[in-house]
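Only one structure is covered here, and it is reproduced in the block below.
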């Protein structure tokens, strides 16, 4: 209930063009940009991992999850851009969807041992450098970092 009231108040501020609304939009944009950079780090980390431990099927699955996450973050960013001029009640839903896509991506990377950098059981290995552990924020940390309503 508190979250709904806060979201409604924020949207009302947007409609009125209040300076507080601009801070709200700026905070949301910073959170979306940060999440986009996290996805970039995930993509770079998985590339390093699969260079050492190639697996076309697993890499395709990860690439698909990265694409879905990028698309969801893109919708979040687009919704923020639209909210700069009009009251858009879809902003929080776009954030929730982006975070859900990120959580699925992170879970996939963890289940494939990409986060830990550990080789798969019995998998192929190349002479590429050993991948470092991929230090991605948890889903809860990402939610806190993108929470524009309570900053």
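Counting every other Cβ atom within 10 Å of each residue's Cβ, 135, 22 order from fewest to most as 135, 22.
Plugging the Kirkwood radius over Cα pairs into Stokes-Einstein for region 63-151, at a temperature of 10 °C and a viscosity of 1.306 mPa s, what D comes out in µm²/s?
Values: Rh = 14.9 Å.
Here the translational diffusion coefficient equals 106 µm²/s.
Packing around the peptides 71-79, 141-149, 94-102, taken as the average count of other Cβ atoms within 10 Å per residue, puts them in this order, highest first: 94-102, 71-79, 141-149.
Applying 1/(1 + (r/R0)^6) with R0 = 30 Å to the Cβ-Cβ distance of residue 100 and residue 128, what FRET efficiency is obtained, to the nearest 0.05? With R0 = 30 Å, the Cβ-Cβ based efficiency is 0.40. Ordering 106, 70 from the fewest to the most neighbouring beta carbons within 10 Å gives 70, 106.
Every number in this text was worked out from the coordinates using simple rules, so none of it is lab data. Computed from a predicted model, the values in this text were never measured in an experiment. Methodologically, a virtual Cβ is constructed for each residue, glycine included, from the backbone with ideal geometry; neighbour enumeration extends over all protein chains shown.
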